[in-house]
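Chemist: Structure in C-alpha cells, see below.
Coordinate-derived values only; no laboratory data. Every value quoted in this text rests on a predicted model; they were computed, and no experiment measured them. Cβ atoms come from the backbone with ideal geometry, glycine included; neighbour counts cover every protein chain shown.
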Amino acid sequence: MTTRDKIIELLIRRAPNWVNKEVIRERLSERDEPAISAAISDMIQSQRIVEETDQLPGVGNVVRYYRLSSYEGIPIRDSIEVGSIKVPRLLARSKITLFPEDFNEAIERLAEYATGLERRFAELVKEEQRTYWATIVSVFGVFVAVLALVLTGLPKITTDSSLPFWKIVELNGAQLLPMALVLALFVLVLRRVIR
C-alpha cells in the first residue's frame, strides 16, 4: 500500500474530523518524513484533501491539520470500541454546547473499562496465588506423608524367610495401607482447603 493510500485510509477512519500531521506521522511511522510530506502535498494539489492550520498564538508554532475534501459515500463511525465497550466518537460536526457530555461519557466508559480490567487482573493474581500455594502445600504434604509412612511403617515391617515374597508384601501392605490411606486423605484435604 502506498503512502498516499495509507493517509487516505487514516483520514477516512477519522472522518469527518481534522487529523493533525503529527498523528499522521505517528500512524505511518514505518514511512519516512519526506515521503509523507510529498504525498500530502500531492493530494492537496489534486484537491483530494484540504489543509487547515492552527497558528497557536503566543507559542510560535503552526500545527497543520488535514481531512478529505469530500465525505460523500463514506460511512462515518459514531463510536470507538474499547474492549467490549463502545465509546461515542467526538465529531467535528457536533455543536460545542453538546460536546461536554459526550466527552464526559467517553471518559466514564473508559474509567469503567479500566476498573473492570483492574478487578479482573486482581482476581487472576489471587487465583494464581491460590494455585501456587496449593501446589506448594501438596508437595510439602506428600513429603510429610512419605516421611511419616517411612518412620512409622519401618518398625512394623516384618520379614519371615519361611514365607514367599508376595505373602510378605501382602502382610506388610495390610499393616501400612490404613496409614497410607489416612496420609493420602490428609494431603487431598490440605490441597482442597488451600485452593
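Chemist: Tell me the GluC sites (Glu not before Pro) within the range 3-92 that lie in a loop according to DSSP and have at most 16 other beta-carbon atoms within 10 Å.
Modeler: Values: sites: Glu9, Glu22, Glu26, Glu30, Glu51, Glu52, Glu72, Glu81; in loops: Glu30, Glu72.
Sites meeting the loop and neighbour criteria: Glu30, Glu72.
Chemist: Show that you can apply the helix-only estimate: for the chain, add -39,500 (n - 2.57) for every DSSP H stretch of four or more residues, divide by all residues, and state [θ] at 222 nm to the nearest 500.
Modeler: Helix contribution divided over all residues of the chain: -21000 deg cm²/dmol.
Chemist: Which angle between 0 and 90 degrees, to the nearest 10, do you get for helix 99-153 versus the longest principal axis of the chain when only C-alpha atoms count?
Modeler: Compared with the principal axis, the helix lies near 20 degrees.
Chemist: Report, in debye and to the nearest 20, how large the dipole of the range 1-77 comes out about its Cα centre when Lys and Arg carry +1 and Asp and Glu carry -1 on their Cβ.
Modeler: The dipole magnitude comes to about 200 debye.
Chemist: Let me ask another. Hey, what angle do you get for helix 3-13 against the long axis of the chain, alpha-carbon based, 0 to 90 degrees rounded to 10?
Modeler: 80 degrees
Chemist: Please give every one of the aspartates and glutamates within straight-line cross-link reach of Lys126, meaning a C-alpha to C-alpha distance under 16 Å, and leave out same-chain neighbours fewer than 8 residues apart.
Modeler: Of all the aspartates and glutamates, those that pass the test against Lys126 - Cα under 16 Å, at least 8 places apart if same chain - are Glu118.
Chemist: Expressed as a rounded percentage, what relative contact order does the range 123-194 have, with Cα pairs under 8 Å and six or more residues apart? Could the numbers behind the result be given before it?
Modeler: On the way: 33 pairs, mean separation 39.6, N = 72.
Worked out over the range 123-194, it gives 55 percent.
Chemist: For Rg/Rh (Cα atoms, Kirkwood Rh), one of (1) 1.04; (2) 1.48; (3) 0.94 was computed from the structure I shared and the rest are decoys. Which label?
Modeler: Step by step, Rg/Rh (Cα atoms, Kirkwood Rh) for this structure corresponds to label (2).
Chemist: Let me ask something additional. If you put +1 on each Lys and Arg Cβ and -1 on each Asp and Glu Cβ, how big is the dipole of the chain around its Cα centre, in Debye rounded to 20?
Modeler: In debye, rounded to 20, the chain gives about 520.
Chemist: Same structure, new question: Using alpha carbons only, how many degrees (0 to 90, rounded to 10) separate the axis of helix 165-194 from the longest principal axis of the chain?
Modeler: Rounded to the nearest ten degrees, it is 30.
Chemist: Which of rounded, prolate or oblate describes the range 1-77 when judged by the alpha-carbon gyration tensor and an a/c cut-off of 1.5? Let's see the in-between values first.
Modeler: Numbers: a/c = 1.65, a/b = 1.22, b/c = 1.36.
It comes out oblate by the Cα gyration axes.
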